[in-house]
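Colleague: Below is the structure I would like to discuss, written out as C-alpha cells.
The values are calculated or read from the model by the stated rules, or taken from the named source; none is laboratory data. Predicted, not measured: the structure shown is a model, and the values here were computed from it. Cβ coordinates were reconstructed from backbone atoms using ideal geometry, including for glycine residues, and neighbour counts include every protein chain displayed. Surface areas here come from the heavy atoms of the whole protein model, side chains and all, with no ligands, DNA or RNA. Shrake-Rupley method; radii C 1.70, N 1.55, O 1.52, S 1.80 Å.
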Amino acid sequence: MQFTVAIDGPAASGKGTISRAVAGLFGFAHLDTGLIYRATGKRVLAGEAPIDAARDLRAEDLAADGLRTPEVAQAASQVAAIPEVRAALVAFQRGFARRDGGAVLDGRDIGTVICPAAEVKLFVTASDAVRAGRRWRELVESGHDITEAEVLADLRTRDKRDAERDAAPMVAAADALVLDTTALSIEDAVARAAEAVRARLPAA
Ligand code: CDP
C-alpha cells in the first residue's frame, strides 16, 4: 500500500512530534526532511559548496551529531533557499513518500511541492512564544547554553526566510488541515492528526 502523510509548518510547531506519533500509530515510515537540509547546512559550515553538499549527501549524514543546534538550523534555512539545493533533494524525498507500507514526511513544502497528491496534508502551527518555549526547553535539556530570547530570534529569522523565499516557500497547501497547537495538548494534536489519517485509509 502507498499512503503519504504530508506534515508542514513553521519551526518547532510540533510537526516532528506529531509525525513520529502518527508513524508509530499506523506503522508508517517517517522522514524528518528538516534533517536533510540541516545535514546539508552542516556540510556547508564545514566548508563545502551548498549545491555540492546537497548532491553529495549520504544517509549517514542524517544520523550525524550536532544537527539540532541553532547554528546548523540557520545554515539549513540559508541553503534551503537555493533552488538547485532543493532540486537535488527531491527524488530521495519522493521515493521515500511512495515506499510500500505508508510514509509520513514532515517539512515545509511536502504538501505543496514534494507530494502534492499526498493522501493526508496537515499544516501545524503555534504562536511564536509557545514554539520558542518548547524549543528552548528541548535545547536546554540536551545541554545547550541558550536563552529563550535567542531561540525566539532564530525561529523568527528562519520562518521569515522560509516563507519569503521564491523556491518552494513555506505555505499551507490549499487542501491542508491546519492544526494550531498553541492551546492543544500533544495528545489532542496527535488524536486530530490520526483522525485525518483514518478518514483517508483504504477500507481493510
Ligand atoms: O525543527 P525545526 O522545525 O526548527 O526545523 P527543521 O524542520 O529541522 O528545518 C530546518 C530548516 O530546513 C528550515 O528552517 C527550512 O529552512 C529548511 N527546510 C526546508 O526548507 N524544507 C523542508 N521540507 C524542511 C526543512
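Colleague: Being touching a strand residue (DSSP E or B) at 6+ places or on another chain (Cβ under 6 Å) and at negative phi, is that true of even one residue in region 77-98? First the steps, then the outcome.
Modeller: Narrowing region 77-98 to residues touching a strand residue (DSSP E or B) at 6+ places or on another chain (Cβ under 6 Å): 96-97.
Then drop every residue that is not at negative phi, which leaves 96-97.
Yes: one or more hits.
Colleague: While we're here: Among (1) part of a helix (DSSP H, G or I); (2) under 24 Å from A191 (Cβ atoms); (3) among the polar types (S, T, N, Q), where does S13 come up short?
Modeller: Exception for S13: condition (1).
Colleague: Residues to consider are T17, T40; find the one that is open to solvent by 30 Å² or more (accessible area, probe 1.4 Å) and among the hydroxyl-bearing types (S, T, Y).
Modeller: Only one candidate qualifies: T17.
Colleague: Could you look through region 21-37, keep only residues that are within 12 Å of the ligand (Cβ to nearest atom) and either open to solvent by less than 20 Å² (accessible area, probe 1.4 Å) or out of contact with any Leu (no Cβ under 7 Å at 6 or more places or on another chain) (or both), and pick out the one that is nearest to A59 (Cα to Cα)?
Modeller: Of all residues in region 21-37, those within 12 Å of the ligand (Cβ to nearest atom) come to 31-37.
Right, trim to either open to solvent by less than 20 Å² (accessible area, probe 1.4 Å) or out of contact with any Leu (no Cβ under 7 Å at 6 or more places or on another chain) (or both) and you get 31-34, 36-37.
Details: L31: 12, D32: 12, T33: 12, G34: 14, I36: 9, Y37: 12 Å.
The residue in question is I36.
Colleague: From (1) open to solvent by 30 Å² or more (accessible area, probe 1.4 Å); (2) away from the ligand (no atom under 12 Å from the Cβ); (3) modelled with pLDDT of 95 or more, pick out the condition that doesn't hold for A118.
Modeller: If we test A118 against (1) open to solvent by 30 Å² or more (accessible area, probe 1.4 Å); (2) away from the ligand (no atom under 12 Å from the Cβ); (3) modelled with pLDDT of 95 or more, just (1) comes out false.
Colleague: Within the set of pairs 6+ apart or on separate chains, which have a first residue in region 26-44 that is in contact (Cβ under 8 Å) with a residue 24 or more places away in the chain and of a type in the set (V, I, T), a second that is part of a strand (DSSP E or B) and within 10 Å of the ligand (Cβ to nearest atom), and C-beta atoms under 9 Å apart?
Modeller: Hits for this filter: T33/L105; T33/D106; T33/G107; I36/G107.
Colleague: Out of the residues in region 173-195 that are touching a residue at least 60 places away in the same chain (Cβ under 8 Å) and open to solvent by less than 40 Å² (accessible area, probe 1.4 Å), state the one that is farthest from the ligand (Cβ to nearest atom).
Modeller: A194
Colleague: Could I ask something else about it? Restricting the first residue to region 61-84 and requiring it to be modelled with pLDDT of 95 or more, which pairs with a second residue that is in a loop (DSSP other than H, G, I, E, B) and open to solvent by 80 Å² or more (accessible area, probe 1.4 Å) meet a Cβ separation below 9 Å and a spacing of at least six or different chains?
Modeller: Qualifying pairs under 9 Å: A81/D166; P83/D166.
Colleague: Let me ask something else. In region 68-105, what count of residues is obtained for those that are of a type in the set (A, V, I, L, M), closer than 16 Å to Q2 by Cα and within 12 Å of the ligand (Cβ to nearest atom)?
Modeller: Matching residues across region 68-105 total 2.
Colleague: Can you tell me how many residues in region 139-172 are farther than 21 Å from L122 by Cβ, near the ligand (Cβ under 10 Å from one of its atoms) and surrounded by 15 or more Cβ atoms within 10 Å (Cβ to Cβ)?
Modeller: Qualifying residue count, region 139-172: 5.
Colleague: List every residue pair whose Cβ atoms sit under 9 Å apart, with the two residues 6 or more apart in sequence or on different chains, where the first one lies in region 91-105 and is open to solvent by 50 Å² or more (accessible area, probe 1.4 Å) and the second, anywhere, is part of a loop (DSSP other than H, G, I, E, B) and of a type in the set (A, V, I, L, M, F, W, C).
Modeller: As it stands, the answer is F92/L57; R94/C115; R98/C115; D100/M1, since those pairs meet every condition given.
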